[in-house]
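Have a look at the structure below before the remarks.
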Amino acid sequence: MSMESNKYNTYHIDSVVMFSKTNEEFGELSNMSSKFPLFINDIIIPSSEALYQAMRYSLFPKAQNEILIQKSPMTAKMISKKYLYYTRQDWDLIKLKIMRWVLEVKLSQHWNKLSPILKETAGKSIVELSHKDQYWGVKNMGNGDLVGSNYLGRLWMDLREKYVLKDQKLECVDPLKIAGFRLYDFEIDTICNEGHFLSDEEDQLYLFA
């Protein structure tokens, strides 16, 4: 799947799987869902949104720390904005690769929850509905058309085809081969799901602490 063009795509509302709010159907695919903490370099990260935002500042551990201590994904996103001056200079060139890596980690570490959801979407385009973000999502134009680049939905579709529909469980996710791929000033290791993640019981204790 080519991700290089910023050209908007048009989808019809009756022929897609759409997600927006985290408490609605397919809301698990949203980065704003707080139900899927991640475990990287022996650090618990509250959400995929927090991880994505933190990687924007992979050379600035102070910014990463303030983002990653937020339990709310939306708060993590808001905190990220105060550090925009410290954004990696190559961010626009690598952010799609970063987001794909983040989603791969999320899928790998929550395979039993997410793979059935992605299987349910088979045969349809996945889109994130947004009121203003037509880069990661789509905007409802009011005539049944959904218009946007929809990169988040397209990344999920790519992972669905490559792993889920082939029943090829994603066991490990390698670090990206980019300079300064770091968390808290340490290089990020290969991330595996077996023996590295919390049990469901511990997961719940963490989420509701």
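Annotations
- Taking the criterion of being of a type in the set (S, T, N, Q), touching a Phe, Trp or Tyr at 6+ places or on another chain (Cβ under 9 Å) and at pLDDT 95 or above, the residues of segment 21-44 that qualify are Ser30, Asn31.
- Filter result (within 16 Å of Glu24 (Cβ to Cβ) and of a type in the set (A, V, I, L, M, F, W, C)) within segment 120-137: Ile126, Val127, Leu129
- Qualifying residue in segment 181-191 (condition: in contact with a strand residue (DSSP E or B) (Cβ under 6 Å, 6 or more places away or on another chain) and of a type in the set (Ser, Thr, Tyr)): yes
- Residue match in segment 137-157 (condition: surrounded by fewer than 17 Cβ atoms within 10 Å (Cβ to Cβ) and under 15 Å from the mean Cα position of the chain (by Cα)): no
- Selection count where residues are under 14 Å from the mean Cα position of the chain (by Cα) and within 23 Å of Lys177 (Cβ to Cβ), scope segment 60-93: 0
- When the helices (runs of 4 or more DSSP H) confined to segment 2-82 are screened for residues that are within 21 Å of Met157 (Cα to Cα) and of a type outside the set (Lys, Arg), those reaching at least 2 such residues are found at 48-55.
- Taken as a whole, segment 123-144 holds at least one residue that is of a type in the set (A, V, I, L, M, F, W, C), at pLDDT 95 or above and part of a loop (DSSP other than H, G, I, E, B).
- Any chance Lys119 is in contact with a helix residue (DSSP H, G or I) (Cβ under 7 Å, 6 or more places away or on another chain), modelled with pLDDT of 95 or more and part of a loop (DSSP other than H, G, I, E, B): no
- Among the numbered conditions (1) of a type outside the set (Ser, Thr, Tyr); (2) over 27 Å from Lys139 (Cβ atoms); (3) surrounded by 17 or more Cβ atoms within 10 Å (Cβ to Cβ), the only one that Leu29 does not meet is (2).
The values are calculated or read from the model by the stated rules, or taken from the named source; none is laboratory data. Worth saying up front: this structure is predicted, and the values here are computed from it rather than measured. Cβ atoms come from the backbone with ideal geometry, glycine included; neighbour counts cover every protein chain shown.
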